[in-house]
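The values are calculated or read from the model by the stated rules, or taken from the named source; none is laboratory data. The structure displayed is predicted, hence computed values, not measured ones. Here the Cβ positions follow ideal geometry from the backbone for every residue, glycine too, while neighbour counts run over all protein chains shown.
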Amino acid sequence: MSTGAPDHMRPSKTVAFHTLGCKLNFSETSTLARSLEEAGYAKVRQEDRPDVFVLNTCSVTENADKECRRHVRRFQSINPDAFIAVVGCYAQLKPEEIAGIPGVDLVLGANEKFDLASHVDRKLASAEAGDHGGKGEAVHSPIKDLKHFVPSYNANDRTRTFLKVQDGCDYFCSFCTIPLARGRSRSATVAETVALAGTIAASGVKEIVLTGVNTGDFGRGHEQTFLQLIEALDEVEGIERFRISSIEPNLCHDGVIDFVATSARFAPHFHMPLQSGSDAILQRMRRRYDTALYAERVARIKERMPHACVGVDVITGTPGETEDEFLKTHEFLRSIAVDYLHVFTYSERANTTAVRMDDSVPMETRRERTKQLRILSNKLQRAFYQDHLGSARSVLFEAEENDGRMLGFTDNYLRVTMPYDAAFVNRIVPVELTRMDGDGHIIGLTPEVQLAN
């Protein structure tokens, strides 16, 4: 309904966001939020009964799809009259299906989501004119038409920012829908990315986490490389720490490892997807490396940076994973110097090669294998933490206070806790790592605290 007031006197509509999935999604949600704020929408919390809800979806697992429906129902319970828009990977893969969910007003595909503000304005204006429609509208185009790269970063944390430097993937692994949801690999240029990092630095952020679908594939189409990018970012004034969120082992070559080893700003922390410790399964997955290459990469990292943290992605229960193949994965992970695992249970994804394989693993077996690897991860991480007790590392402390304590990360990804002191927020300070608490964090002492004691 029109207020009859001039545009500049009309109260702005409110919007709230919810993000499912990866760091890449979080960086894009922040970019979408800024675009709506620039269009006159006021960003609020979900519990404030906003006029518009935006759900940024994931489609890596079956549960992520179900989460979409659950959150739409939750939005309706908060404000039954709210306008609900859905974007993200699931929105590209299943736009018409999502548009049919009761309460959904708008679904935007990968090529359309960054025009969110104009699409929401158009739909709301249509509703105010009396067109309330029925089923939600799905606006999408074939993923092959997606050519442009939209840089994104999150800006709601003064301490750490996730900067999207790459999008899409050309690998087409047998289990993965990401190329279908995000398109081919693409990025901005080194100069454009460095300029954006400079903008982030001016906001006071101390750490930038480089993120992407296949981050190490940066520069495709520009005849530039990921190594050239990190060399250039290392010169950005104001950023004290860069972190690589994830990099494929075949792209984590000696040049990248050696540069991080000598850099004063890039953190000695590598997260490399493995997915399986069985070469037979890796071949079925269409991965571009084998276990020998993976072990070589880990050994090189630890040789150059003994205190470096190495994290691993693993999938349990992919088609063809027998008990013997799973045990090879378990044994392989114990044989190399990795420090924590992100374990995912395989779920069938439409339009992937793996879903057509006929040697499916029972879900109960998949979940049991996931449980075993998560137990292993806890042991690996605890051993990594224990190895650092009694040493000193630099910690970037966060603003949040929890029961009188504050948390932060070392450069090599150890989680440290100490009594809250506002003077340490968003500062990198030397900390002595003393012992572990019941939550698995390291209790730290700064020189100031030691003197006080």
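Selection within region 153-186: residues that are farther than 25 Å from Met357 by Cα, over 14 Å from the mean Cα position of the chain (by Cα) and not hydrophobic (A, V, I, L, M, F, W, C). The member of this set that is surrounded by the most Cβ atoms within 10 Å (Cβ to Cβ) is Arg186.
Filtering Glu223, Glu240 for residues that are more than 20 Å from Arg297 (Cα to Cα) and at pLDDT 95 or above leaves a single hit, Glu240.
If you go through region 215-235 and keep only what is polar (S, T, N, Q) and either in contact with a helix residue (DSSP H, G or I) (Cβ under 7 Å, 6 or more places away or on another chain) or under 15 Å from Ser27 (Cα atoms) (or both), you end up with Thr215, Gln224, Gln228.
List the strands (runs of 3 or more DSSP E) inside region 66-175, counting only whole elements, that have at least 2 residues being small (Gly, Ala, Ser). It would help to see each step written out before you state the result.
On the way: elements: 83-88, 106-108, 137-139, 160-164.
The qualifying strands (runs of 3 or more DSSP E) are 83-88.
For region 184-204, give me the residue count where each residue is at pLDDT 95 or above, more than 20 Å from Cys89 (Cβ to Cβ) and assigned to a loop (DSSP other than H, G, I, E, B). Residues meeting the conditions: 2.
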